[in-house]
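See structure below.
The values are calculated or read from the model by the stated rules, or taken from the named source; none is laboratory data. Predicted model, so just to flag it, every value in this text is computed and none were measured. Backbone-built Cβ (ideal geometry, glycine too); neighbour counts: all protein chains shown. Accessible surface areas use protein heavy atoms only, side chains included; no ligands, DNA or RNA. Shrake-Rupley method; radii C 1.70, N 1.55, O 1.52, S 1.80 Å.
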Amino acid sequence: MLWWSKKVNPQFKIYIPSKGRAKIGLTVKALDQMLVPYTVVVEEQEYKEYAKYLRKDNLLILDKRFQEQYEVCDDLKDKLPVGAGAVRNFIWEKSIQDGEKWHWVMDDNIRSFQRCQKNRRLKILDGAFFKAIEDFVLRYKNIAMAGPQYKMFIPEKQAHQRPPFITNTRIYSCNLIRNDIPFRWRGRYNEDTILSLDILKAGWCTVQFNAFLQEKAVTQSMKGGNTDVLYKEGTLKKSHQLVALHPDVARLDLKYGRWHHFVNYKVFKQVLKFKDEYIPKKGTNEYGMSLKKID
């Protein structure tokens, strides 16, 4: 079974930073299957390789200045790549220049997008997934960032009663970001968590959807991206950087034989606030989605 609807596309543009994955980018394949438009942002030296597999109007070359000016938040200087935050800042600026109020930025290793209903995770083959999230955040005046939960955290075989969304937590890998907030990506590692905490500490809300899921490849399981260079020495450096930047809410933990970071999000108590002009509507909007059987 899967979710299917009449042609629905997101309101805001989708950008996918990608490096070393011209042939194996999973998010591109997922969006192609959903018939959802996107732009892949690549470094100049990789443009020709990506152009073998993607149409040129789906490609955008990163401005190197964003790598040169990026705030890596460590003293390693040029010993390692600056990480994905630089290209994400370039995307943010490009979206503002295009007159957009929000933008999507996604990792390039997402296999599918799914809807969770009645403890079942079912694939969505339409842009209604993104449009529903957009319409939700646009009801409120104090949401700065939102995105779907990881599929692995909503198991089908376990009985659970998770709310359709939670507020004030980290947003990973698939981010819908408000353009006019006074923040940018920073940090060589864990830039998703760093940005989430920067936003929350300033009093804004984030929203993570349990009703909408992303099936992301396991971190460090695919070649390319940051896996080959940044994370080849394990996870200690990236966790340590996060703790150094946000020591009041983050700490280091040794679990399953490797270092992890733990963040206390319970300290963030801000609540969602409707826009003054928003009028709640009765009923459920399915965005045209219905269940279809597949072989």
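Accessible-area rank, largest first, for H240, H261: H240, H261, with all protein chains present and a 1.4 angstrom probe. Per-residue ellipticity at 222 nm computed for the chain from its helices equals -6000 deg cm²/dmol, with DSSP H segments shorter than 4 residues left out and the rest contributing -39,500 (n - 2.57).
When ranked by the protection proxy of mean other Cβ atoms within 10 Å per residue, highest first, what sequence do the peptides 182-192, 134-144 form?
182-192, 134-144
Packing, taken as the mean count of other beta carbons within 10 Å per residue, orders the peptides 63-72, 81-90, 21-30 from highest to lowest as 81-90, 21-30, 63-72.
Can you tell me which aspartates and glutamates have their Cα less than 17 Å from the Cα of K269? Leave out same-chain residues fewer than eight positions away. Result set, ordered by chain and number: D198, D248. Between W259 and I294, the modelled label-to-label distance comes to 4.1 nm, taking each label 7 Å out from Cα in the direction of the beta carbon.
Could you compute the net charge surrounding L76? Neighbours are other residues with a C-beta less than 10 Å from the C-beta of L76; K and R count +1, D and E count -1.
Numbers: positive: K77, K79, R188, K237; negative: D74, D75, D78.
Residues near L76 contribute +1 overall.
In segment 50-192, a dipole from Cβ-located charges (positive for Lys and Arg, negative for Asp and Glu) runs towards its positive end, and of T169, G187, V87 it is T169 whose Cα lies farthest in that direction. Per residue, the solvent-accessible area of segment 41-163 (1.4 Å probe, heavy atoms of protein chains only, all protein chains present) comes to 52 Å².
Shown here is the pair-distance distribution of segment 138-181: with all Cα-Cα distances grouped in 5 Å bins from zero up to the longest one, the shares run 5, 17, 26, 23, 14, 9, 5, 2, 0 percent.
Within segment 84-122, name every residue whose backbone N is under 17 Å away from a label modeled 7 Å from Cα of K64 along the Cβ vector. The answer is 86-87, 90.
About its Cα centre, how strong a charge dipole does the chain have in debye, to the nearest 20, once Lys and Arg get +1 and Asp and Glu get -1 at the Cβ? Charge dipole, the chain, about its Cα centre: 1080 debye, nearest 20. Our summary gives segment 12-73 a relative contact order of 33 percent, counting only alpha carbon pairs under 8 angstrom and 6 or more residues apart. Annotation: lysines with alpha-carbon distance below 26 angstrom to K7 (same-chain offsets under eight excluded): K29, K56, K101, K118, K123, K131, K151, K216, K281, K282, K292, K293.
At an R0 of 25 angstrom, the distance between the Cβ atoms of T284 and M152 translates into a FRET efficiency of 0.40. At a 1.4 Å probe radius, carbon and sulfur cover how many percent of the accessible area of the chain? About 52 percent, which is the carbon plus sulfur part of the accessible surface. A dipole drawn for the chain from +1 and -1 charges on Cβ atoms has a positive end, and of L62, N285, F209 the residue lying farthest that way is N285.
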